[in-house]
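The structure appears below as C-alpha cells.
The values are calculated or read from the model by the stated rules, or taken from the named source; none is laboratory data. None of the values given here were measured: they were computed from a predicted structure. Keep in mind that these areas ignore ligands, DNA and RNA; they rest on the heavy atoms of the full protein, side chains included. Shrake-Rupley method; radii C 1.70, N 1.55, O 1.52, S 1.80 Å.
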Amino acid sequence: SKHCVKLDNRTANVTVKPFELAMGFQFELHGTVSGKKINVSEIPELPIPQDWMRDKLELLFYRTKKAAGGGEIENVAYDRGSGTAVITFLRPG
C-alpha cells in the first residue's frame, strides 16, 4: 500500500487507502409514445445536476434502439420542477 513516486526532481512517498464509490440510482419512468417524441413523466428528483439527468435520459432512450424502438436522439427537454421530459428522436419509429 506504500509507494514512492518521482515527480521532476522530487520524490514523494504515498499511501493507498480504500474508498467507496457512491451507489447508482435506480428509478422507474412513465412514458407516452408518439411517432417521433416520447413524453416521460414521474422522473424522481435526484441529487445530481440537471444536465446529468438530461444525459442519462438521452443514453437510456438511445440504448433501447434495438430492444424497444429507441434511436438517435435529436433533443431532450427535461423539466426538473415538474419531473417530466420530452425525448425527440431524429427519425420516427
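Per-residue extension of 0.36 nm, minus the Cα-Cα distance of THR11 and VAL86, leaves a gain of 21.6 nm for this segment. With all protein chains in place and ligands, DNA and RNA left out, the 1.4 Å accessible area ranks VAL76, VAL16 as VAL16, VAL76, largest first.
Residues SER41, SER82 ordered from highest to lowest accessible area at a 1.4 Å probe: SER82, SER41.
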